Structure formats: structure tokens, C-alpha cells
Amino acid sequence: MQTHLVGRDMITPDEWTDDEVNTIFEVAFDLKRRRAMGEPHALLRDKVLALMFFFSSTRTRVSFEAGMAQLGGHAQFIESRTTQISHGDTAKEIGEIVGRYCDGIAIRQCDWGVGNQYIRDVAQYSRVPVLNMQCDWYHPFQALADMMTIFERFGRDVRGKTLNVSWAYASSYQKPLSVPQSLITLATRYGMNVRLTRPPEFKLMPEIEDLARDYARRSGGSFEVLDDFDAGFEGAHVVYPKSWGATLTTTDMEESARIAGQYTDWITDRRRMDLADESVCYMHCLPADRNIEVTDEVIDGPQSAVYDEAENRLHVQKAVMALTMR
Ligand code: CP
């Protein structure tokens with residue numbers, strides 16, 4: 001367990017060692033237990049976290065605000081369009097200035113080719129930790145919450161368990177690559193057998209896939225890429241079918257939606273769940289396109305872990321905030 005994480009940024013867990021990531025889970029489980037027992041844990045009394053959103057949110061906003069309140073501090077909700085960013089405030093100025101007012105800066109900026117770099121630019125000039133609430137490449141707190149949920153279902157030793165991270169059809173909007181990219185790199189670190197299942201136009205970043213392969217080699221897990229939706233479900237212990245954009249094929253969102261329209265049958269239903277292991281757990285970060293991406297029967301059924309995943313956002317975020325912002 002690591003005890004010197006004060007001041008660290010969380011942009012991706014790939015920049016934290018195994019021991020440091022394990023520390024996040026130790027603290028998250030402890031904080032979850034403390035909340036269940038009604039034990040006060042005001043570890044960040046009088047601290048302020050700025051929450052800067054360039055994109056909408058339900059879970060991320062509410063869980064960060066609730067988490068800071070439970071830790072005795074305050075979270076300041078800031079929508080980028082209500083700031084002077086569009087009139088010239090640079091990433092450097094945000095880092096320098098907000099970092100002097102607050103004890104942490106959390107940012108959601110998902111624009112392709114912009115978000116990750118923006119967060120890194122703010123972090124370069126900030127004297128306080130910068131937390132990535134989702135960018136174009138990573139959604140670290142979602143992956144940490146998902147992994148915590150997998151540990152709860154299968155125990156802390158998940159070596160040999162098969163996780164199928166799959167593309168699924170959705171009609172609402174072309175979603176970032178960040179959820180599957182963060183999950184395949186975190187789960188392979190823990191020795192899971194990770195499948196990435198997607199149509200050929202919905203590739204993830206090659207360097208992220210290479211990193212997942214490296215982690216799998218190191219942990220004794222595996223990483224494979226499939227393009228058959230049904231095959232991804234076969235024998236899997238955890239299935240995580242969700243939509244993302246054809247971003248590496250086209251940056252034109254209308255074109256991406258047209259390509260996705262060729263795969264409207266990539267919907268998670270009872271028949272597909274029956275292809276998986278009998279202990280299978282269905283996961284989705286939400287929001288889901290109900291009865292397009294997944295049937296109500298599956299997402300509301302006994303194998304679904306979606307509300308535990310959403311809850312665990314709170315606990316892993318509180319752990320990282322308490323470890324980095326003291
Ligand atoms: N899963 C997730 O990040 O949800 P929000 O977009 O509602 O924050």
C-alpha cells in the first residue's frame with residue numbers, strides 16, 4: 001500500500017504503479033464500508049474541488065459533488081460555456097488560476113484530439129491535482145469503478161476470468177472511445193482474459209491495444225480482438241457491450257452514425273446472455289440506449305451490475321480525492 005500520493009494527477013491509471021492502483025481499491029473499499037456504517041470520514045475538510053464540464057453528465061457530476069461533501073469539502077460545478085474560456089482563457093491560465101483558488105481541478109473534455117491534451121496542459125500549470133472526469137482517450141474513474149464491481153462479484157483474484165468488452169449499436173450519439181480503452185488496459189493488469197469485440201470500423205487506438213497486450217503478458221492474462229458479436233459472449237464471465245464512435249475510421253459524426261447503422265443487430269438480449277458463463281455479469285457505464293443497445297430484460301435483470309458500477313464511481317473517486325488532495 002502506498003501512502004505518498006498527495007499531489008498526484010489522475011489522468012489515467014496507466015501512469016500509476018500496480019501498488020498505487022491497489023491502494024486506490026483498498027481505500028475505496030474502506031470508504032464504502034465507512035459510508036455503509038454511517039462513520040464520518042471528513043478527510044478533506046475545507047478543501048474545494050473545481051468540476052469543469054465541457055460535456056454533459058449525470059453520474060460524474062453527482063458523484064463528485066456528493067463525494068466531496070461526504071469528505072467534508074466542497075465541489076464547485078463549472079460549465080465551460082459559462083466561463084471566459086471561449087473568450088480566451090487558456091489551459092495555462094485555468095491551471096494557474098483555478099489551481100490557486102482550489103485544492104483540485106477535475107475536468108471532462110471529450111472532444112476528439114483535444115480533451116486529453118487540454119487536461120494535460122491544465123495539469124502542467126496547476127499546483128494542485130488534476131483529475132480526468134473523461135476525455136477523448138480515457139475514463140479512469142469509470143474503469144476503476146468497473147474493476148471494483150468485478151472484484152465484488154468475483155473476488156480480488158480475477159485471473160482466468162473472461163471479460164468481453166464489446167461494441168454495441170446505439171442511435172443516440174457517437175460516444176467517445178474512453179470507456180473501452182480504460183477498461184481493457186485496467187482489466188489486463190489484473191490477469192483477466194480480455195476480449196475486445198467490435199466491427200472492423202470501430203477500432204480502438206493501436207497504442208492502447210498494444211498496452212493491453214503488454215499488461216496481459218505481464219499479468220498472465222490475455223488480450224484478443226474479435227469481430228463476431230456472438231463469439232464475444234461465449235463463455236464470458238463479464239460482458240460489457242456498449243457503443244462508441246467509428247472515430248479512427250472517420251471524424252465525421254454523421255458518417256460514423258451511418259456506419260453504425262450497418263450493425264443494428266449488435267444488441268444485447270437474452271439469447272446472447274445465454275451464450276455466456278452461467279455466472280455472467282452484465283455491465284454498462286450508462287447512459288444506455290434501452291432496447292437498442294441492450295434489452296430492458298437484460299439491463300434490469302438479475303445479471304446486471306449497472307447500479308453497483310454507478311455507485312462505485314462514488315467510492316473510487318472519494319478514494320482518489322482523499323489520497324491526492326490532502
Ligand atoms: N458513466 C458516466 O460517466 O456517466 P455520466 O456521463 O452521466 O457522467
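Data for the structure
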| item | result |
| --- | --- |
| Value of [θ]222 nm, deg cm²/dmol, for the chain, DSSP H segments ≥ 4, -39500 (n - 2.57) each, nearest 500 | -12500 deg cm²/dmol |
| Label zone at R159, where the point sits 7 Å out along the Cα-to-Cβ direction: segment 4-36 residues whose backbone N lies under 17 Å | 18-19, 22 |
| Share of carbon and sulfur in the accessible heavy-atom surface of the chain [1.4 Å probe, %] | 48 percent |
| Percentage relative contact order, the chain, counting C-alpha pairs under 8 Å, at least six apart | 20 percent |
| Principal-axis tilt of helix 91-101 within the chain, Cα atoms, nearest 10 degrees | 60 degrees |
| Accessible area per residue, Å², segment 107-215 with all protein chains present, probe 1.4 Å | 29 Å² |
| Net charge dipole size for segment 142-309 [Lys, Arg +1 and Asp, Glu -1 on Cβ; Debye, nearest 20] | 560 debye |
| Accessible area in square angstrom per residue, segment 261-304, 1.4 angstrom probe | 46 Å² |
| Reciprocal of mean inverse Cα separation for the chain (Kirkwood radius, Å) | 20.0 Å |
| Cα→Cβ-extended label distance, 7 Å offset, between R218 and A66, nm | 3.4 nm |
| Unit charges at the beta carbon, dipole of the chain: most positive-side option, T12, L71, L196 | L71 |
| Cβ-derived FRET efficiency at R0 51 Å, H41 paired with L226, nearest 0.05 | 0.75 |
| Amide H contacts of L226 (H built 1.01 Å from N, under 5 Å, at least 5 apart or other chain) | L196, T197, R198 |
| Of K32/K318; K175/K242; K92/K175; K47/K92, those spanning more than 19 Å from alpha-carbon to alpha-carbon | K92/K175; K47/K92 |
| Reduced Cα scattering model of segment 142-309, Debye log10 I(q)/I(0), q = 0.09, 0.10, 0.20 Å⁻¹ | -0.26, -0.32, -1.37 |
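The values are calculated or read from the model by the stated rules, or taken from the named source; none is laboratory data. Fair warning: this is a prediction, and the values are worked out from it, not measured in the lab. Don't worry about glycine lacking a Cβ; one is built from the backbone with ideal geometry, like all the others, and counts go over all protein chains shown. To get the accessible areas, we keep the full protein, side chains included, count just its heavy atoms, and leave off ligands, DNA and RNA. Shrake-Rupley method; radii C 1.70, N 1.55, O 1.52, S 1.80 Å.
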